[in-house]
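The values are calculated or read from the model by the stated rules, or taken from the named source; none is laboratory data. Note that the structure is predicted; figures quoted are calculated from it, not measured. Note that each Cβ is placed from the backbone with ideal geometry, even for glycine, and that neighbours are counted across all protein chains shown.
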There are 2 protein chains.
Amino acid sequence: MAGFDLAREVSDKYSLRGMVFTKIREDILNGVYKEHEELKEAKIGKELGVSRTPVREALRQLELEGLVQIIPNRGAFVTGISAKDVQDIYMIRARLEGLCARWACEFITKEQMEAIEENVYLAEFHSGKGHMEQLAELDNQFHHILYEACNSKFLKHQLLDYHEYLLRVRRKALGTQTRATVSIKEHRAIMEAIRAGNANLAERLASEHMTNAYENLVQNGLYDVYKK
Amino acid sequence: MAGFDLAREVSDKYSLRGMVFTKIREDILNGVYKEHEELKEAKIGKELGVSRTPVREALRQLELEGLVQIIPNRGAFVTGISAKDVQDIYMIRARLEGLCARWACEFITKEQMEAIEENVYLAEFHSGKGHMEQLAELDNQFHHILYEACNSKFLKHQLLDYHEYLLRVRRKALGTQTRATVSIKEHRAIMEAIRAGNANLAERLASEHMTNAYENLVQNGLYDVYKK
DNA sequence: CATGTACTGAGTGTATACAATTATACATGC
DNA sequence: GCATGTATAATTGTATACACTCAGTACATG
């Protein structure tokens with residue numbers, strides 16, 4: 001996409017710093033490093049076979065991503081996510097996903113529209129078979145397509161941020177079969193609203209899609225881990 | 001506020017990196033560095049009397065803040081802000097300021113409520129006298145109080161980001177007398193909705209406050225500088 | 001003249017050395 | 001026993017040296 005984005009792709013995967021950044025990020029998201037665990041520059045550098053410099057830079061970036069907190073002269077620590085944080089993010093996302101869908105009505109390209117339609121069809125197919133792995137991937141893809149389609153680098157950047165951030169929670173909250181079915185119905189409704197160019201409807205549906213996802217998360221009590 | 005925040009205060013003002021970060025950030029916001037200007041590590045380090053290391057770290061952070069773009073092996077460049085970017089940010093802010101006002105209804109403390117009321121009174125006073133300097137400061141303050149009152153570190157962080165980001169534009173768009181008057185009326189309405197605990201109204205008013213501010217900006221054609 | 005190629009220099013990427021700060025352990029005094 | 005002080009180790013903060021990349025340029029070649 002024109003090779004310009006704010007954060008994600010910018011931490012080029014081929015410099016040492018970029019690789020270290022990606023690695024630590026994954027390790028945090030996958031729970032390799034627990035909350036409040038200290039990340040020591042020398043230790044990580046040794047493990048990855050690099051010096052402290054790229055590790056430091058990666059940590060400084062992860063700080064701004066919100067995944068670690070750096071206390072001057074003390075060190076870097078994995079940030080905690082409380083239940084309220086999760087709720088906040090879902091509510092913020094509800095607004096922004098709505099805005100994203102609204103803008104998609106205006107800016108979506110033919111190719112993107114086709115990609116969305118294919119995505120929904122595929123999801124409906126895998127849903128019947130109970131392929132949860134593919135469904136999770138398709139869900140990610142659905143949202144990513146919209147993030148591109150909204151044609152706003154800021155909104156896209158923001159939503160990508162929150163999306164990845166919530167992986168820490170969602171990894172544990174693999175959707176139930178029933179939620180998956182409902183979720184896909186909502187995707188279809190959003191898709192059709194966008195195809196019809198109905199911006200108000202698309203915004204409302206996308207926003208509700210988020211609050212529903214959050215309700216589901218809460219009802220299943222799937223993130224007790226993060227209760228403070 | 002409990003000494004914990006994601007980005008702003010985190011770049012401690014007392015380490016070299018923090019100082020460099022703050023300095024470059026200010027220089028960009030104040031227009032010392034023009035758009036697309038290259039920021040060379042050695043040159044900046046020399047000017048500030050520090051080595052390249054803290055400069056590099058500061059630049060990497062500014063990249064994630066969206067103020068500079070780093071091209072691997074090439075350098076750091078001040079990002080451009082297009083007219084559409086400005087519009088996008090205002091629309092995003094419209095949603096988030098609304099959410100912020102909604103949450104403030106729930107979480108605002110007695111002290112914060114008093115601070116908001118005092119802020120509005122003062123603004124009404126200075127408005128009559130045409131003290132534009134104080135009005136700008138009070139406007140900042142009004143929003144910052146709400147950012148605290150919403151009780152969400154994520155939302156606060158996000159809104160602070162955009163708020164400072166827009167300084168690059170607003171610096172040139174010093175409000176007109178008439179806009180100032182209207183703006184303060186809107187502040188009062190928001191304040192009263194929060195005091196009444198009317199979340200729906202507060203959210204709507206705060207959101208409209210943003211779209212109005214943007215409309216004003218456009219009508220006065222005050223940011224032609226940023227036209228692509 | 002156009003094109004390709006090797007060279008060069010400016011600038012970033014990384015490693016490492018050293019300084020400053022903080023944490024830990026232990027001794028000392030009350 | 002508890003607080004306080006001090007020495008030492010561990011860790012981060014900063015500076016610097018060196019390696020690598022890339023854009024531009026001069027020059028050779030067709």
Looking only at residues in segment A:85-106 that are more than 8 Å from chain B (Cβ to nearest Cβ) and out of contact with any helix residue (DSSP H, G or I) (no Cβ under 6 Å at 6 or more places or on another chain), which one is surrounded by the most Cβ atoms within 10 Å (Cβ to Cβ)? A:Trp103
Complete set of residues in segment B:60-96 that are touching a Lys or Arg at 6+ places or on another chain (Cβ under 7 Å) and small (Gly, Ala, Ser): B:Gly75, B:Ser82, B:Ala83
Being more than 16 Å from DNA strand C (Cβ to nearest atom), free of Cβ contacts under 8 Å to residues at least 60 places away in the same chain and either within 14 Å of another protein chain (Cβ to nearest Cβ) or surrounded by 21 or more Cβ atoms within 10 Å (Cβ to Cβ) (or both): is that true of B:Phe125 here? no
For residues that are in contact with an Asp or Glu (Cβ under 8 Å, 6 or more places away or on another chain) and more than 10 Å from DNA strand D (Cβ to nearest atom), scanning just segment B:39-60, find the one that is farthest from the other protein chains (Cβ to nearest Cβ). B:Leu59
Residues in segment B:35-46: is at least one over 20 Å from B:Ile71 (Cβ atoms), outside the structural domain of B:Glu164 (by TED's automatic domain parsing) and more than 19 Å from the chain's Cα centre (by Cα)? yes
What do you reckon, is B:Gly3 away from DNA strand C (no atom under 16 Å from the Cβ) and either at pLDDT below 90 or surrounded by fewer than 19 Cβ atoms within 10 Å (Cβ to Cβ) (or both)? no
Quick check: anything in segment A:66-81 away from DNA strand C (no atom under 15 Å from the Cβ) and within 9 Å of chain B (Cβ to nearest Cβ)? yes
Taking the options B:Gln112, B:Gln141, B:Gln69, name whichever one is within 20 Å of A:Asp161 (Cα to Cα), surrounded by 15 or more Cβ atoms within 10 Å (Cβ to Cβ) and not aliphatic (A, V, I, L, M). B:Gln69
With the checklist (1) more than 9 Å from every other protein chain (Cβ to nearest Cβ); (2) modelled with pLDDT of 90 or more; (3) surrounded by 14 or more Cβ atoms within 10 Å (Cβ to Cβ) in hand, flag the one item A:His36 doesn't pass. (3)
May I ask you to verify whether B:Glu26 is charged (D, E, K, R), modelled with pLDDT of 85 or more and within 16 Å of DNA strand C (Cβ to nearest atom)? no
